[in-house]
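Have a look at the structure below before the remarks.
The values are calculated or read from the model by the stated rules, or taken from the named source; none is laboratory data. Every value quoted in this text rests on a predicted model; they were computed, and no experiment measured them. Here Cβ is always computed from backbone atoms with ideal geometry, including for glycine, and neighbour counts include all displayed protein chains.
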Ligand SMILES: NC(=O)c1ccc[n+]([C@@H]2O[C@H](COP(=O)([O-])OP(=O)(O)OC[C@H]3O[C@@H](n4cnc5c(N)ncnc54)[C@H](OP(=O)(O)O)[C@@H]3O)[C@@H](O)[C@H]2O)c1
């Protein structure tokens, strides 16, 4: 059986990456590829890798509601409306934006507005039983058969995969995350600070303190680890994301416990590859894949662990993970149409 999939925001970087993945998916077809200002325009005009004569569709909720599943790859404001309408119509949704990732209080704190549908806010106690946070390695059981899945942000994905298994070993209030992303993480729209002349040959931090992904990391890190210091950086590459995460280990915890905790969590995971201590992941090795590579080292002088975690921001950080979630929702093998192996060099 072939599943009929809709992609809204198909003219953006996340949506277009999903079109590339769906093109090779054995049991999913991109039946509707909707955009806002680009509706009616040729897809290949924006994305030459998606050659052909197909054009972007209009966003029509009634048409989308007839499909087997819809992926939203729009800003969170549009996703709040479209996600609620499709969920209410009984159409499964995977949303790439932050619209449904937090609790109602978290959403007010980090996005400055009341959540219109706390029952759809995955991080809220009042969330419906078929609403899930879409990090399969942490929340797989809730994602299977879900009605709405909030796909994690790219920075939280790399950070949570690196730190979540270590939560019982860490001292609350000591977590620092220093993360770097390629410029596709900021989307397709032209912005002054993303021009080649600004980005090329330069490296800069932004958004600290108080980048919105901080709230998502704090909400989904298990074990009451408290406030997190998070600083993202923009690096001169198209795609790829590396999170370097630091935390103070509890008394008596050493390198063996750290490596064991990560191995227990990921030995059976198809997309997360634990490297030996001292081998550090490269973002380039994950390009185009749904993989995450990570490793941890412990410094006995400071008592801190350093975990480095690399993903493709458009892969495991966005479209790849959305497809992994779509597979789970629709009862397929979660690896279908996805690979943990990137394009290298
Ligand atoms: N880029 C990443 O690495 C990444 C990673 C994780 C999560 N995300 C999240 O995924 C979502 C999409 O990100 P992106 O990077 O793909 O953005 P993008 O390249 O800027 O694309 C945004 C898309 O949304 C559409 N759109 C914009 N405003 C809309 C509105 N008011 N109503 C309906 N559609 C609208 C655009 O359509 P037109 O172009 O036709 O106007 C475009 O297709 C965002 O919520 C983002 O935070 C992105």
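Condition check: closer than 25 Å to residue 312 by Cβ, in the same structural domain as residue 74 (by TED's automatic domain parsing) and more than 16 Å from the ligand (Cβ to nearest atom). Does residue 140 satisfy that? Yes, satisfied. Where helices (runs of 4 or more DSSP H) sit wholly within segment 158-269, those with at least 1 residues that are at pLDDT 95 or above and exposed (fewer than 13 other Cβ atoms within 10 Å of the Cβ) occupy 255-266.
Being touching a strand residue (DSSP E or B) at 6+ places or on another chain (Cβ under 8 Å) and free of Cβ contacts under 8 Å to residues at least 60 places away in the same chain: is that true of residue 44 here? I'd like the intermediate steps shown before the answer.
Details: touching a strand residue (DSSP E or B) at 6+ places or on another chain (Cβ under 8 Å): no; free of Cβ contacts under 8 Å to residues at least 60 places away in the same chain: yes.
Taking the combined requirement at face value, the residue does not satisfy it.
Here residue 26 clears all of (1) exposed (fewer than 15 other Cβ atoms within 10 Å of the Cβ); (2) in contact with a helix residue (DSSP H, G or I) (Cβ under 8 Å, 6 or more places away or on another chain) except the condition numbered (2). Checking each residue of segment 288-303 against the condition of being touching a residue at least 60 places away in the same chain (Cβ under 8 Å) and over 24 Å from residue 186 (Cα atoms) gives at least one match. Would you be able to say whether some residue in segment 50-68 is more than 10 Å from the ligand (Cβ to nearest atom) and within 17 Å of residue 130 (Cβ to Cβ)? Yes - at least one qualifying residue is present in segment 50-68. From the list 209, 168, the lone residue that is more than 16 Å from the ligand (Cβ to nearest atom), without any contact (Cβ under 8 Å) to a residue 24 or more places away in the chain and not assigned by TED's automatic domain parsing to the domain that holds residue 112 is 209. Scanning segment 4-38 for residues that are over 24 Å from residue 289 (Cα atoms) and either away from the ligand (no atom under 13 Å from the Cβ) or in contact (Cβ under 8 Å) with a residue 60 or more places away in the chain (or both) yields nothing. Within the group 102, 72, which residue is within 11 Å of the ligand (Cβ to nearest atom), buried (at least 24 other Cβ atoms within 10 Å of the Cβ) and not assigned by TED's automatic domain parsing to the domain that holds residue 186? None of the others qualify; the one that does is 72. Residue 41 satisfies every condition listed in (1) touching a helix residue (DSSP H, G or I) at 6+ places or on another chain (Cβ under 6 Å); (2) within 14 Å of the ligand (Cβ to nearest atom) except (1).
Residue count for segment 81-91, restricted to those that are touching a strand residue (DSSP E or B) at 6+ places or on another chain (Cβ under 9 Å), more than 8 Å from the ligand (Cβ to nearest atom) and under 18 Å from residue 115 (Cα atoms): 4. Selection within segment 113-122: residues that are more than 24 Å from residue 7 (Cβ to Cβ) and within 16 Å of the ligand (Cβ to nearest atom). The member of this set that is surrounded by the fewest Cβ atoms within 10 Å (Cβ to Cβ) is 113.
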